[in-house]
1. Which condition number does ALA148 fail, the rest of (1) of a type outside the set (Phe, Trp, Tyr); (2) at pLDDT below 85; (3) surrounded by fewer than 16 Cβ atoms within 10 Å (Cβ to Cβ) being met?
2. Quick test for you: out of ALA121, ALA132, ALA148, ALA153, pick the one residue that is small (Gly, Ala, Ser) and over 24 Å from VAL55 (Cα atoms).
3. State which residue pairs qualify: first residue within 18 Å of ARG49 (Cα to Cα) and inside segment 14-30, second residue aliphatic (A, V, I, L, M) and part of a loop (DSSP other than H, G, I, E, B) in any location, beta carbons under 7 Å apart, and separation of 6 or more residues or different chains.
4. Quick one: how many residues across segment 110-141 are in contact with a helix residue (DSSP H, G or I) (Cβ under 9 Å, 6 or more places away or on another chain) and either among the aromatic types (Phe, Trp, Tyr) or open to solvent by 70 Å² or more (accessible area, probe 1.4 Å) (or both)?
5. For GLU107, state whether it is out of contact with any strand residue (DSSP E or B) (no Cβ under 6 Å at 6 or more places or on another chain) and open to solvent by 40 Å² or more (accessible area, probe 1.4 Å).
6. For segment 27-51, enumerate the residues that are part of a helix (DSSP H, G or I), out of contact with any helix residue (DSSP H, G or I) (no Cβ under 6 Å at 6 or more places or on another chain) and of a type in the set (D, E, K, R).
7. For segment 120-148, which residues satisfy the criterion of being closer than 15 Å to VAL89 by Cβ and part of a loop (DSSP other than H, G, I, E, B)?
8. Please work out which residue is nearest to ALA99 (Cα to Cα), limiting yourself to segment 158-178 and to residues that are open to solvent by less than 30 Å² (accessible area, probe 1.4 Å) and in contact with a helix residue (DSSP H, G or I) (Cβ under 7 Å, 6 or more places away or on another chain).
Amino acid sequence: MDVAAWLRGLGLEQYEQAFRDNAIDAEVLPELTDADLEKLGVVLGHRKRLLKAIVERGQSEIHPMPSREELKIRPRAAEPAAERRLLTVMFIDLVGSTALASRLDPEDLREIIGAYHGCVAETIARFGGFVAKYMGDGVLVYFGYPQAHENDAEQAVRAGLALVDAVSRLNQSEPLRIRIGIATGQVVVGDLITSGEGQERGVVGETPNLAARLQALADPDSVVIGPQTRQSLSSDW
């Protein structure tokens, strides 16, 4: 990916030199926070636009559009009907993973990421969530799929708080911190977009995008929730 061309496509070419001077490439781009952009001299409105564009770029990598050839060979009879449902989506991000990768031996990094993924899987399962996809240092989770429950949003928030604590307690050579975004809303659950062990249902709607944006704006060791998730919580919260 050409970061300079990406900035020009957003109409923010004035920041090309700042990105170049600070070695901001495609690998570093997803790690940028609002504070980082402010240090680069990006004004508030442009920071919001950049963060949204970064999230949308990540979403396109999670759910890439199929090629024409793939669409042609996909048998219609095998296509399951799309289903509309209320879903709570969680995005989890491991803070500082790029720095970890630059410091650690690949085998040591693999061990740390494996422990992190195991912790996520165990915690999410305990609260009835469904791990849809591992994306390196990020994890996509659904609450309300494949089975829906009345308290899915509440369980997602409980899981997020428990996960922040559990990851911080992992006995690894490097202290680990995460940030989490949670959003609830109507989505359309469509076809299987992968096969084998990596099976994942394509989810279409604003909810996954909102969860990803909230995660990008969260501080380390924090959980940021959307308005509909907040409305779904009981009065005890």
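The values are calculated or read from the model by the stated rules, or taken from the named source; none is laboratory data. Computed from a predicted model, the values in this text were never measured in an experiment. With ideal geometry, Cβ positions are generated from the backbone for all residues, glycine too; neighbour counts draw on all protein chains shown. To get the accessible areas, we keep the full protein, side chains included, count just its heavy atoms, and leave off ligands, DNA and RNA. Shrake-Rupley method; radii C 1.70, N 1.55, O 1.52, S 1.80 Å.
1. (2)
2. Numbers: ALA121 fails: over 24 Å from VAL55 (Cα atoms); ALA132 fails: over 24 Å from VAL55 (Cα atoms); ALA153 fails: over 24 Å from VAL55 (Cα atoms).
Answer to the selection: ALA148.
3. TYR15/LEU40; TYR15/VAL42; ALA18/LEU40; ALA26/MET1
4. Residues meeting the conditions: 6.
5. On the way: out of contact with any strand residue (DSSP E or B) (no Cβ under 6 Å at 6 or more places or on another chain): yes; open to solvent by 40 Å² or more (accessible area, probe 1.4 Å): yes.
Taking the combined requirement at face value, the residue satisfies it.
6. ASP36, GLU38, LYS39, LYS48, ARG49, listed by residue number.
7. Answer for segment 120-148, where residues must be closer than 15 Å to VAL89 by Cβ and part of a loop (DSSP other than H, G, I, E, B): PHE127, GLY128, GLY129, GLY144, TYR145, PRO146, ALA148.
8. Filtering segment 158-178 down to residues open to solvent by less than 30 Å² (accessible area, probe 1.4 Å) leaves 159-160, 162-164, 166-167, 176, 178.
Those still in the list that are in contact with a helix residue (DSSP H, G or I) (Cβ under 7 Å, 6 or more places away or on another chain) too: 159, 162-163, 166-167, 176, 178.
On the way: ALA159: 27, ALA162: 25, LEU163: 22, ALA166: 21, VAL167: 18, LEU176: 12, ILE178: 14 Å.
Per the criteria, the residue is LEU176.
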